[in-house]
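Below: the structure, in structure tokens.
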Amino acid sequence: MEVENAYKRKKQPEVVRRALLDQAARITLEQGLSKVTFQAVADAVGVTKGGVMHHFATKNALILEVFHDAMAKFEAEVDTAMAKDPVRYGSFTRAYIDATISLGEKGQAEFHSQATLYVLMLGDSELRELWAEWSNQQLKKHEPTDNTETLCMVRLVADGIWLSDFSGIDIVDKQSLRDRLIKMTQRGFDA
């Protein structure tokens, strides 16, 4: 009976594709990249393995799309924060800090998107190259406002806080660390 209902229901390829990406990202975070299989993703979404293969020819294609999806969300979060920042100097770094350090005010979707991005990037050399390419483009694009030794150090510390937090290492006062990093992005701090 349920199979019959599946055939009668209206096809929604974009909804299915979105669910496949979301579940592949969830499996990556919860179980690791090696556990992302067509069957595991199909089971999580409630489609057949062939349904997954209809959207993604290979596991690599699925993983690459999950990465690009997470990257687009991360970039949009950074761009939105920069657009709201009235001070140009250090605006990319401040946006990067807030996109990287989870303080609870971020939604679970944003945290998962960024965590997925990092986990995938750490686990795959091709994805690390894509991350480096994006990062280098951003640094070049924001060179007039964010190319100082201090701002570089601040972004690296934000990455370290993220990795510690994701790894389950207790961070005593993450809010205080975040605030201190933000203060370091102010003009004149480099003096």
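The values are calculated or read from the model by the stated rules, or taken from the named source; none is laboratory data. These figures come from a predicted structure and were not determined experimentally. Backbone-built Cβ (ideal geometry, glycine too); neighbour counts: all protein chains shown. For the accessible areas, the whole protein counts, side chains as well, though only heavy atoms, and no ligand, DNA or RNA atoms are used. Shrake-Rupley method; radii C 1.70, N 1.55, O 1.52, S 1.80 Å.
In the stretch 157-171, the residues that are more than 10 Å from ILE101 (Cβ to Cβ) form Cβ pairs under 8 Å with partners that are part of a helix (DSSP H, G or I) and open to solvent by less than 60 Å² (accessible area, probe 1.4 Å), at six or more places apart or across chains, as follows: LEU163/TYR118; PHE166/ALA115; PHE166/TYR118; PHE166/VAL119. Out of the residues in the stretch 22-79 that are farther than 22 Å from GLU126 by Cβ and not in a helix (DSSP H, G or I), which is least open to solvent (accessible area, probe 1.4 Å)? Result: VAL47. Is at least one residue of the stretch 4-15 out of contact with any strand residue (DSSP E or B) (no Cβ under 8 Å at 6 or more places or on another chain), part of a helix (DSSP H, G or I), open to solvent by less than 40 Å² (accessible area, probe 1.4 Å) and modelled with pLDDT of 90 or more? Taking every residue of the stretch 4-15 in turn, none turns out to be out of contact with any strand residue (DSSP E or B) (no Cβ under 8 Å at 6 or more places or on another chain), part of a helix (DSSP H, G or I), open to solvent by less than 40 Å² (accessible area, probe 1.4 Å) and modelled with pLDDT of 90 or more. Of all residues in the stretch 140-155, those that are closer than 13 Å to TYR96 by Cβ have Cβ atoms under 8 Å from Cβ atoms of residues that are open to solvent by 100 Å² or more (accessible area, probe 1.4 Å) and of a type in the set (D, E, K, R), 6 or more apart or on another chain, in THR145/ARG88.
For the stretch 90-98, the condition of being among the aliphatic types (A, V, I, L, M) and surrounded by fewer than 15 Cβ atoms within 10 Å (Cβ to Cβ) holds for none of the residues.
Within the stretch 158-191, the set of residues being open to solvent by 80 Å² or more (accessible area, probe 1.4 Å) and among the basic types (Lys, Arg) comprises ARG180, LYS183, ARG187. Selection of first residues in the stretch 50-74 that are within 15 Å of VAL36 (Cβ to Cβ) and of second residues that are of a type in the set (Phe, Trp, Tyr) and not in a loop (DSSP other than H, G, I, E, B), restricted to Cβ pairs under 7 Å at least 6 apart or on distinct chains, gives the following pairs, ordered by first then second residue: VAL52/PHE38; MET53/PHE38; LYS59/PHE38.
In the stretch 146-157, of all residues being over 20 Å from the mean Cα position of the chain (by Cα) and among the charged types (D, E, K, R), the one that is surrounded by the most Cβ atoms within 10 Å (Cβ to Cβ) corresponds to ASP146.
Being modelled with pLDDT of 85 or more, within 20 Å of VAL66 (Cα to Cα), of a type in the set (Asp, Glu) and open to solvent by less than 50 Å² (accessible area, probe 1.4 Å) is a property that holds for ASP124. Pairs are defined by a Cβ separation below 6 Å, a sequence spacing of at least 6 or placement on different chains, a first member in the stretch 31-46 that is over 19 Å from ARG18 (Cβ atoms), and a second member that is surrounded by 11 or more Cβ atoms within 10 Å (Cβ to Cβ); the pairs so defined are LEU33/GLY123; LYS35/ILE27; GLN39/LYS49.
Residue selection: GLU143 fails the criterion of being under 23 Å from LEU33 (Cα atoms) and loosely packed, with under 14 Cβ neighbours inside 10 Å.
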